[in-house]
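The values are calculated or read from the model by the stated rules, or taken from the named source; none is laboratory data. Please read all numbers here as calculations on a predicted model, not as lab measurements. Heads up, the Cβs are rebuilt from the backbone with ideal geometry, glycines too, and the neighbour counts pull from every protein chain shown. Accessible surface is based on the protein model in full, side chains and every heavy atom, while ligands, DNA and RNA are left aside. Shrake-Rupley method; radii C 1.70, N 1.55, O 1.52, S 1.80 Å.
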Amino acid sequence: MAQHEIIASALQQGRTLLTEIEAKQVLQELGIATAMGQLATSEAEAVQAAEAIGFPVVLKISSADIVHKSDVGGVQLNIQTPDAVRQAYRDILQRVAEREPNASIEGVAVQPMAQPGIEVIIGMSKDVSFGPVLMFGLGGVMVEILKDVAFRIVPISEQDAEEMIRDIKGFPVLDGYRGAATADLGALQHILRTISDFVEATPAVKEIDLNPVYAYSSGALAVDARIILEETQTSVA
Ligand code: ADP
Ligand code: MG
């Protein structure tokens, strides 16, 4: 399967971090919608990509050595014009070179600026006793300060997926609190179930972090995606 090719080739190169573009390719193949990026390796390519995608766009550093892109000045949002794309391309490379001089840089990913939605996080990590565990929570402040998250052990059933969404204290935020739009809970459940199946079938995956996913009244979109692979033994003798 194609998503295994991406993983196999990363492992072969001795990498444990997929780039965001690679991680989103894997998700797209699984049927999870993403704000998909296009790699640019020059200012001109970045402008071309932005024009193909349509403004406004987002530019992000693309590197298998950088886990937290905004921490190193590697993300610029809501870019409106070709000139601003060129400027952002230069600024990102310059900031990253200053803050992360040893990182090997593949280029800059150009992606559509997503419509705002309700921010959620979907993650998978491996517990020593329980194995793969899925996490669901509301994004931003809710997860960082309040630790308002729900966990389930892989594999999860349809009912588990529904329950873990309803378990978080912030659930009313997804459920039309004070007349706000209701999030598409089916779309979120679909992502949870798809990740569960994928992780079960792909032991080489060590960690997944979809942060944020935007939940809409219809559908949900993975805006950022991180996939970390298990370190493999490359030689035996
Ligand atoms: P990081 O590696 O720092 O987590 P992200 O890709 O998550 O980088 O980008 C940082 C923040 O920028 C996100 O949390 C989100 O708020 C915003 N963002 C990123 N990509 C997009 C996008 N395509 N559309 C709209 N907002 C985005
Ligand atoms: Mg992120």
Problem set entry | Neighbours by Cβ (under 8 Å, 6+ apart or cross-chain): first from the stretch 190-210, basic (Lys, Arg); second part of a helix (DSSP H, G or I) | Arg193/Glu158; Arg193/Ala161
Exercise. What are the residues in the stretch 155-170 that are at pLDDT 95 or above and open to solvent by 20 Å² or more (accessible area, probe 1.4 Å), if any?
Worked result: Pro155, Ser157, Glu158, Gln159, Asp160, Glu162, Glu163, Arg166, Asp167
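A quick yes/no check of all residues on (1) touching a Pro at 6+ places or on another chain (Cβ under 6 Å); (2) within 16 Å of ligand 2 (Cβ to nearest atom); (3) among the charged types (D, E, K, R):
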site	(1), (2), (3)
Asp148	no, no, yes
Glu162	no, no, yes
Ile208	no, yes, no
Pro212	no, yes, no
Tyr216	no, no, no
Ile227	no, yes, no
Seminar exercise, completed: When the stretch 127-154 is checked residue by residue, the ones that are away from ligand 1 (no atom under 14 Å from the Cβ), open to solvent by less than 80 Å² (accessible area, probe 1.4 Å) and either over 21 Å from Ile191 (Cα atoms) or of a type outside the set (Val, Ile, Thr) (or both) are Asp127, Gly131, Pro132, Leu134, Met135, Phe136, Asp148, Ala150, Arg152
Exercise. For the stretch 1-116, which strands (runs of 3 or more DSSP E) that fit wholly inside it have 1 or more residues that are away from ligand 1 (no atom under 13 Å from the Cβ), closer than 23 Å to Val199 by Cα and in contact with a Gly (Cβ under 7 Å, 6 or more places away or on another chain)?
Worked result: none
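Yes or no, residue by residue, for (1) modelled with pLDDT under 95; (2) within 16 Å of ligand 2 (Cβ to nearest atom); (3) closer than 16 Å to Met113 by Cβ; (4) buried (at least 23 other Cβ atoms within 10 Å of the Cβ):
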{"position": "Gln13", "(1), (2), (3), (4)": "yes, no, no, no"}
{"position": "Glu29", "(1), (2), (3), (4)": "no, no, no, no"}
{"position": "Gly37", "(1), (2), (3), (4)": "yes, yes, yes, yes"}
{"position": "Val47", "(1), (2), (3), (4)": "no, no, yes, no"}
{"position": "Phe55", "(1), (2), (3), (4)": "no, no, yes, no"}
{"position": "Ser62", "(1), (2), (3), (4)": "no, yes, no, yes"}
{"position": "His68", "(1), (2), (3), (4)": "no, yes, no, no"}
